[in-house]
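Read the figures in this text as sums done on the coordinates, not as results from a lab. Keep in mind that what you see is a predicted model, and the values were worked out from it rather than measured. With ideal geometry, Cβ positions are generated from the backbone for all residues, glycine too; neighbour counts draw on all protein chains shown.
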Amino acid sequence: MARVNKNDRIGAMIKILTDRPNHIFNLQEFSELFCVSKSTISEDIVSIRNIIDRFSLGKIETVTGAAGGVRYFPKPNWSMVIPIIEKICEILSDPGRILPGGFIYMSDILYTPSKIGILGEVLAHEFIDQRPDFVITVETKGIPIAMVTARALNCPMVIARRDSKATEGSVVTINYISASSRRIQTMSLSRRAVKEGQRGLIVDDFMKGGGTAKGLSELLREFDIDVVGIGVVVSTCEPSKKMVSGYKSIITLKEIDHETGQAIIKPADWLYK
């Protein structure tokens, strides 16, 4: 392959880096791909960093050492992200979305890649310093937000099942109390899915009382897993005392007027800090 000119190299490298967030690419890989020296690649990386910084598209980080290289991490551009989250809140506030039990219909948001991708990058940015080895959620509606968060963190996604599947092999099963229904429910996790001593990040779509998050925490405790954080898309103000603490939600359901069917939904306060 002939030597590739600088503009083409930079365009291709930005595409490669942003397609695999938080993955370390060795400079030798790019050197061989574009038939140029590693010093030339280093100069290209400086140009890429300037572009990414100028337009607030994320963060380019160089990693030193034998296993070093360069990686990209999606850092939210809050001036662009907050208006999108505000628009999502406006959509979710529609009276027609109120469901029995104080829940909100939000499946269309959760399954729209452009919207859920942004929310996943927000959660990933908040928990990147906790260095999770995997992201875990409970089937089924938490899967999209868990998947995009795991992608941004460059780690696997793990699913706890309501019912154990034959394809999961040997599983650990626990019973937990749902905070909203006060009923005993069950969740299972394959013994092959995680390893003792790993660090897990819990991610879900909705939190009311925190029963599911607490159940996941207890399930991971059976594997001697350290829970490094809990992130959700929407949490309710009531009940104010959840079964877990230290969670981070992107959107807050402040209250529902059941007579008018109007919900007050706002971006979480921490987004504006």
Margin query: Can you give me the angle between helix 143-153 and the longest principal axis of the chain, using Cα atoms only, in degrees from 0 to 90, rounded to the nearest 10?
Written below: 30
Check: Going by a ≥ b ≥ c, the root eigenvalues of the Cα gyration tensor, does the chain fall in the rounded group (a/c under 1.5), the prolate group (a/b larger than b/c) or the oblate group?
Finding: oblate
Next item on the list: Give me the angle, in degrees from 0 to 90, between the Cα long axis of helix 211-221 and the longest principal axis of the Cα atoms of the chain, rounded to the nearest 10.
Entry: 60
Notebook entry, point to check: When you count, for each residue, the other Cβ atoms within 10 Å and take the mean per peptide, how do 219-225, 10-16, 256-262 rank with the highest first?
Noted result: 219-225, 10-16, 256-262
Checklist line | Antiparallel bridge percentage (DSSP; both residues within region 61-185; nearest 5) | finding: 65
Notebook entry, point to check: Could you give the angle, 0 to 90 degrees to the nearest 10, between helix 78-92's Cα long axis and the longest principal axis of the Cα atoms of the chain?
Noted result: 30
Note to self: For the chain, what does the helix formula give at 222 nm: sum of -39500 (n - 2.57) over DSSP H segments with n ≥ 4, over the residue count, nearest 500 deg cm²/dmol?
What the structure shows: -11000 deg cm²/dmol
